[in-house]
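The structure appears below as structure tokens.
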Amino acid sequence: MMKRIVSRRNFLKTAGALTAVTAFGSLPSTLMAGEAPRLVKFPEKTELILLSSRPPQLETPLKYFKELITPNDALFVRWHSMDIPTSVDVGSWKLNISGNTEKELNLSLDDIKKDFEKVTYTAVMQCSGNGRSFFQPRVQGGQWLHGAMGNVTWSGARLKDILNKAGLKKDSVDVAFNGLDTPDPSSIPDFKKSLPVDKALEEEVFIAYEMNGEPLTMLNGFPVRLVVPGWYATYWVKALSDITVLTKEINSFWMKPAYRIPDTPGACVAPGASPKHTIPINRMNTKSVVVEPEINATLKSGAAVDIMGLAFSGGYSIKDVLVSMDNGKTWAAAELGKDKGRYSWAQWRFTWKPVKPGKYSILARATNSIGDSQPFESLWNPSGFMWNKIESIEVNVV
Ligand SMILES: Nc1nc2c(c(=O)[nH]1)N[C@H]1C(S)=C(S)[C@@H](COP(=O)(O)O)O[C@H]1N2
Ligand SMILES: [Mo]
């Protein structure tokens with residue numbers, strides 16, 4: 001039986017081994033004021049941008065987004081509590097399904113792999129707060145750039161199949177999820193999330209035991225995690241241990257008051273205002289990111305340069321990505337690469353030959369198959385969620 005152990009001591013030791021990197025590409029302007037990002041290496045991870053080590057909040061450097069699929073060792077990490085699992089003995093680990101069901105289940109990892117059909121989806125996983133650092137006025141919370149996201153091929157067993165095996169009772173309302181991380185008694189309540197029962201029973205929601213064909217890394221939720229394609233990662237509960245079917249809505253800090261958005265079009269309010277009504281954050285909005293060239297890159301006039309990036313939305317394929325080099329006066333369609341299904345991101349590319357020296361801003365705007373696009377002004381909300389303003393990458397043509 002496989003056993004994965006990463007000792008706590010090694011965990012903390014690596015967390016302390018920080019590398020300050022100054023010659024680091026693609027710095028958005030929020031980081032230009034002398035703050036070089038610190039790169040840090042955690043177990044099973046390559047050097048990632050450090051937001052905090054306890055709890056681990058590690059961001060993927062932009063260079064990894066030149067690939068359609070984000071490698072496991074480069075995928076971002078975000079935990080809320082400091083007390084996170086650093087080893088799991090899969091010989092004794094069980095996924096417990098209980099509550100408002102005909103019977104209680106205790107499934108081993110082998111049971112989950114053998115007793116249920118295996119499904120595979122490539123899906124963007126993105127933190128609700130990805131891009132938070134770009135909001136004006138500033139919003140509290142992890143100051144993520146663009147790297148709290150990744151495009152990963154996940155495999156596992158449908159949640160629906162597992163719930164049906166337990167026998168969901170008719171009056172079920174909410175399905176709750178809890179992982180092996182425990183609360184920080186003084187500050188951080190237990191990270192419990194829930195999905196309305198209709199959502200939990202959707203075909204595409206599943207319990208993943210593989211990422212890109214490998215077991216999950218410890219930091220990304222070994223041995224299994226929930227995957228809710230199209231929805232923000234706050235629902236993708238890691239190191240899942242308990243699923244509880246409820247006859248009323250869960251009472252959990254992480255569903256209320258946390259992770260809620262204004263119940264308004266665009267989920268926004270006037271900067272600084274508090275929303276009257278909120279709802280749980282859910283489906284991701286449409287977004288594109290410019291990956292190359294880097295901010296403040298120097299380009300040669302008369303020479304062709306490849307502009308490239310990625311675009312996605314919460315479950316609707318990207319219809320087109322338009323780029324502009326004249327602050328939105330004229331737009332041209334970028335060449336769109338193949339996605340890996342509607343939950344994956346697509347890469348795009350545009351060849352530009354600047355003719356006149358000067359400062360230029362490169363804008364990119366994605367639109368999905370149902371017409372949702374990106375705003376010219378940021379849609380502000382008090383938690384700094386769902387950043388998807390059209391980017392403006394400044395470059396110098398000489
Ligand atoms: N058990 C557990 N699952 C969790 C969290 C957590 O703190 N504990 N954080 C959630 C949030 S907010 C995010 S953004 C993703 C991050 O997943 P990753 O660390 O694999 O990138 O995990 C989600 N699942
Ligand atoms: Mo998140």
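The values are calculated or read from the model by the stated rules, or taken from the named source; none is laboratory data. Since this is a predicted model, take the numbers as computed values, not measurements. As a convention, Cβ positions derive from the backbone with ideal geometry for all residues, glycine included, and neighbour counts pool all protein chains shown. For the accessible areas, the whole protein counts, side chains as well, though only heavy atoms, and no ligand, DNA or RNA atoms are used. Shrake-Rupley method; radii C 1.70, N 1.55, O 1.52, S 1.80 Å.
Evaluate the charge dipole of the chain about its Cα centre and quote only its size in Debye, nearest 20, assuming +1 on the Cβ of each Lys and Arg and -1 on the Cβ of each Asp and Glu.
Result for the chain is approximately 440 debye, rounded to the nearest 20.
Quick one: if you take sqrt(5λ) for each eigenvalue of the C-alpha gyration tensor of the stretch 287-397, what semi-axes come out, biggest first, whole angstrom?
Over the Cα atoms of the stretch 287-397, the ellipsoid semi-axes are 25, 17, 11 Å.
Can you find, among Asn368, Asn251, Phe177, the residue farthest towards the positive end of the dipole of the chain? Put +1 on the C-beta of Lys and Arg, -1 on that of Asp and Glu.
Asn368
Using only alpha carbon pairs under 8 Å that are at least six residues apart, calculate the relative contact order of the chain and give it in whole percent.
15
Which distance in Å, rounded to a whole number, links the C-alpha centroids of the stretch 52-79 and the stretch 179-257?
So the separation of the two Cα centres works out to 19 Å.
Based on Cα positions only, what radius of gyration and what Dmax would you give for the chain, in angstroms?
21.4, 71
By per-residue mean of other Cβ atoms within 10 Å, what is the highest-first order of 151-161, 84-94, 110-120?
151-161, 84-94, 110-120
Using the Cα centre as the reference, give the magnitude of the dipole from point charges on the C-beta atoms of the stretch 162-293 (Lys, Arg: +1; Asp, Glu: -1; all else neutral), rounded to the nearest 20 debye.
Dipole about the Cα centre, nearest 20: 380 debye.
For the stretch 252-398, what's the relative contact order in percent, using C-alpha pairs closer than 8 Å and at least 6 residues apart?
30
When the chain is modelled as a GNM with alpha-carbon springs shorter than 10 Å, which of His277, His80, His146 fluctuates the most?
His277
Listed here are the pairs Lys94/Lys170; Lys300/Lys340; Lys170/Lys287; which of them are more than 32 Å apart at the Cα?
Lys300/Lys340; Lys170/Lys287
About its Cα centre, how strong a charge dipole does the stretch 290-376 have in debye, to the nearest 20, once Lys and Arg get +1 and Asp and Glu get -1 at the Cβ?
The dipole of the stretch 290-376 has a size of about 140 debye.
What number in nm² do you get for the stretch 193-302 if you take the convex hull of its Cα atoms and divide its surface by four?
Across all orientations, the stretch 193-302 yields a mean hull projection of 12.2 nm².
What full-extension length gain, to one decimal in nm, is calculated for Thr330 and Glu102 as 0.36 nm per residue of separation minus the Cα-Cα distance?
Gain in length upon complete extension: 76.0 nm.
Would you please give the residues with an amide H less than 5 Å from that of Lys193, counting only those at least 5 places away or on a separate chain, with H modeled from the backbone geometry?
The list, which skips near neighbours in sequence, is Phe177.
Which whole-Hz ³J(HN,Hα) couplings does the stretch 300-316 yield from phi under the Karplus relation 6.51 cos²θ - 1.76 cosθ + 1.60, θ = phi - 60°, glycine and proline marked x?
Calculated HN-Hα couplings, in order: 9, 5, x, 9, 6, 10, 8, 9, 9, x, 9, 8, 7, 8, x, x, 10 Hz.
Before rounding to the nearest 500, sum -39500 (n - 2.57) across all DSSP H runs of length at least 4 in the chain and divide by the residue total; then give [θ] at 222 nm in deg cm²/dmol.
-1500 deg cm²/dmol
Which residues does a label at Arg283 reach in the stretch 333-348, if reach means a backbone N under 19 Å from a point 7 Å past the Cα toward the Cβ?
Backbone N within reach: 340-346.
For the chain, modelled as a Gaussian network with Cα springs under 10 Å, which listed residue fluctuates most, Asn106, Asn212, Asn368?
Evaluated over the chain, the most mobile residue of the options is Asn106.
I'd like the carbon and sulfur percentage of the solvent accessible area for the chain, probe radius 1.4 Å, heavy atoms only, ligands and nucleic acids excluded.
Heavy-atom surface of the chain belonging to carbon and sulfur, 1.4 Å probe: 50 percent.
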